[in-house]
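What follows is one structure encoded as structure tokens, with my remarks underneath.
Where a number appears in this text, it was derived from the coordinates with a stated rule and is not lab data. What you are looking at is a predicted structure, and each value in this text was computed from that prediction instead of being measured. Counting neighbours? That spans all protein chains shown, and the Cβs are built from the backbone with ideal geometry, glycine included.
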Amino acid sequence: MPFDLANLIARMELRQTGPGRYDGDNLDLDYRRVFGGQILAQTIYALRACADGKSLKSLWQQFPREGDVSLPMTYEVTAHHAGRTFATYGVHASQDGRLISIAAAALHAPEPGLSHPAEMPAVVSPDEARRVAIDMIPWEIRVIGDADLNSPEVHPARFQFWMRTPPVDSLGAHDSDWTHQALLAHASDLTIIGTALLPVAGLSQADTGTKFHSAVTSHTLWFHSSFRIDDWVLVDQVAPVLDGSRGFGRGDVWTRDGRLVASFAQESMVRPLA
């Protein structure tokens, strides 16, 4: 099966093999390493099966070892605390008993509360943004401004883009917050390293494997409120730190009507090759 959105949706569906234990297949990629965004999405689906009516509010995930695309992933979910409104879970992802990823998640039962408006960045609409294709994000992408993650030209370390999938209910996916969150998590893993490299002259994410070696070491998401990934969302990300072979970046996700619905942060290894 070629990598496309249908392939990603299919890989998010897991097989239960025991209490709190699930197996998942890997994306069909011309690459030996399991993509971290796939692991994030599958982790969210493993949590969905144990949620007991609560929704996912935050996910912190580390990647101590790379995965092998030829081996299925195994997810083991542990409930550390499950109260009436909040719950905390741990998720271990492994292959043949070798730890690939470890995650901690916070869940919350919906309840009313205080709120205040956030100020959305002033950007052009999706219709005015530049249509691009980004590897590993198999849906519509519209980039704001002239930043190009594959260009060696110097640019400030900020990357903004609109994105949306086709209607989720037309994809054969479970149409719930969990699916929209999982698809966003998959996409959020991809462009922070490239954003961190924008200010570096003569280097871009296209040089990975030839001029430098990179890998995501940790990734965190916060989900503030419900959203639909099949309606336009704005991803506004910056990468203020690239130092000592490590990079750091963060992003906010906004709906078109100005709601801040999710945030994420990522630390990575960016190691120059001799």
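For segment 231-274, the residue among SER263, LEU234, ALA274 whose Cα projects farthest onto the positive side of the dipole built from Cβ charges is ALA274. Using alpha carbon centroids, what distance separates segment 189-223 and segment 1-36, in Å? Result: 23 Å between the Cα centres.
Each part reduced to its alpha carbon centroid, segment 68-108 and segment 243-274 end up 22 Å apart.
DSSP bridge analysis restricted to the chain gives an antiparallel fraction near 100%, rounded to the nearest 5. Stretching ARG256 away from GLN62 to a fully extended chain increases their span by 66.8 nm, per 0.36 nm per residue minus the current alpha-carbon distance. Put in line by how crowded their Cβ is, counting other Cβ atoms within 10 Å and starting with the fewest, SER55, SER226 read SER226, SER55. Taking segment 183-208 and a reference point 7 angstrom along Cα→Cβ of THR217, the backbone N atoms nearer than 17 Å belong to 192-194, 196-197. Taking the chain as a Gaussian network of alpha-carbon nodes connected by springs under 10 Å, the highest mean-square fluctuation of the residues HIS108, HIS116, HIS155 belongs to HIS116.
Around GLY249, what is the net charge, scoring Lys/Arg as +1 and Asp/Glu as -1 over all other residues with Cβ under 12 Å from its Cβ? Around GLY249, the charge tally is -1. Using a Gaussian network model of the chain in which every pair of alpha carbons under 10 angstrom is joined by a spring, one finds that among ASP127, ASP231, ASP252 the greatest mean-square fluctuation is at ASP127.
Over segment 126-274, what lengths in whole Å, largest first, do the semi-axes of the equivalent ellipsoid take, defined as the square roots of 5 times the eigenvalues of the alpha-carbon gyration tensor?
After diagonalising the Cα gyration tensor, the semi-axes are 27, 16, 14 Å.
Available extension along the chain between ASP23 and GLU153 is 42.6 nm, counting 0.36 nm per residue and deducting the alpha carbon span.
Taking 4 °C and 1.567 mPa s as conditions, segment 1-152 diffuses translationally at an estimated 73 µm²/s according to Stokes-Einstein applied to its Kirkwood radius (Cα pairs).
So if the hydrodynamic radius of the chain is defined as the Kirkwood radius over C-alpha pairs, what does Stokes-Einstein give as its diffusion coefficient at 10 °C and 1.306 mPa s, in µm² per second? Answer, rounded: 83 µm²/s. Each Lys or Arg adds one and each Asp or Glu takes one away; over the other residues whose Cβ falls under 15 Å from the Cβ of VAL34, this sums to -3. Neighbour counting of Cβ atoms within 10 Å sorts the residues PHE161, PHE86, PHE3, fewest neighbours leading, into PHE86, PHE3, PHE161. Exposed loop sites are taken as GluC sites (Glu not before Pro) in a DSSP loop (any state but H, G, I, E or B) with at most 12 other beta carbon atoms within 10 Å; the longest stretch of the chain without one runs 154-274.
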